[in-house]
1. According to the square roots a ≥ b ≥ c of the eigenvalues of the Cα gyration tensor, what is the shape class of region 85-196, taking rounded for a/c under 1.5, prolate for a/b larger than b/c otherwise, and oblate for the remainder?
2. Work out the FRET efficiency for GLU73 and ASP108 from their Cβ-Cβ distance, taking R0 = 30 Å, and round it to the nearest 0.05.
3. Please check: in the Gaussian network model of the chain (C-alpha springs, under 10 Å), which one of ALA123, ALA97, ALA50 has the largest mean-square fluctuation.
4. Rounded to whole Å and ordered largest first, report the semi-axes of the equivalent ellipsoid of region 48-89 derived from its Cα gyration tensor (root of 5λ).
5. Note down the relative contact order for the chain as a percent, whole number, built from C-alpha pairs under 8 angstrom at least six residues apart.
6. Placing one identical point scatterer on every Cα of the chain and ignoring solvent, what is log10 I(q)/I(0) from the Debye formula at q = 0.08, 0.13 Å⁻¹?
7. If I ignore ligands, DNA and RNA and count only protein heavy atoms, how much of TYR195 is accessible to a 1.4 Å probe, in Å² to the nearest 10?
8. Test of understanding: what is the full-extension gain from SER178 to GLU98, defined as 0.36 nm times their sequence separation minus their Cα-Cα distance?
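The values are calculated or read from the model by the stated rules, or taken from the named source; none is laboratory data. Treat the numbers as computed from the prediction; the structure is a model and nothing was measured. With ideal geometry, Cβ positions are generated from the backbone for all residues, glycine too; neighbour counts draw on all protein chains shown. For the accessible areas, the whole protein counts, side chains as well, though only heavy atoms, and no ligand, DNA or RNA atoms are used. Shrake-Rupley method; radii C 1.70, N 1.55, O 1.52, S 1.80 Å.
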Amino acid sequence: VPVDEGEGFSAGYEQFDPAESNLDQVVGTPIGDEECWAYQGESGPCAIYAQVMAYEGMTGQDIDPEKMIEIAEENGWYDGNGTTLEDMDKILNYLGAETEAGMGGDMDDLHRCLENGGRMVVAIDGNEIWYGNSDVYAPNDPNHAVEVIGIDYSGEEPMVIINDSGTTDGHAIMVPESQFMDAWEDSGCYYVEAYA
């Protein structure tokens, strides 16, 4: 569900700033991958956008997400409302990427994938990223997908850097590890690891 910034959104949201980080302590390529971010507009196609952003980041190719939405609908991977966990890798596969999907991902999995030049698409409870404390929102379920483009270890707490198509300024957003894990755990830490 995309969020309108006018609804009290983006409290404390920070974007990755290479000038304020020690790049030796950053895994992934958030500076380049930030350029692949796109805003999804209407709610629903977040997983398709996340896959397109991941593929563009890995290959440098320009992919039209609207075309991928059509292909996903034709193949039953997207129903206009959302994408099932099982179908969160189908567009990446269609484009030719190698993927491995699974439950129970952790920070080590994210780190290893990024370090090896891959990209990670994860299912999260978007409310926990957008609003912080999602206890207000029930149920706690995976209602959103984002692309992980980096981890910044240079501060007190590691920051997971994501491209989030669900907000109007969602490129290279830094989410504290603890907050990210809370949001990710609502999907059983479901992930799609992708390599070009």
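1. Oblate shape, in that a/c is at least 1.5 and b/c is the bigger or equal ratio.
2. Once rounded, the FRET efficiency stands at 0.25.
3. Highest fluctuation of the listed residues: ALA97.
4. Computed over region 48-89, the values are 19, 11, 7 Å.
5. 32
6. Cα-only, vacuum Debye calculation for the chain: -0.22, -0.60.
7. Result for TYR195: roughly 60 Å² accessible.
8. Here the segment from SER178 to GLU98 would lengthen by 25.9 nm.
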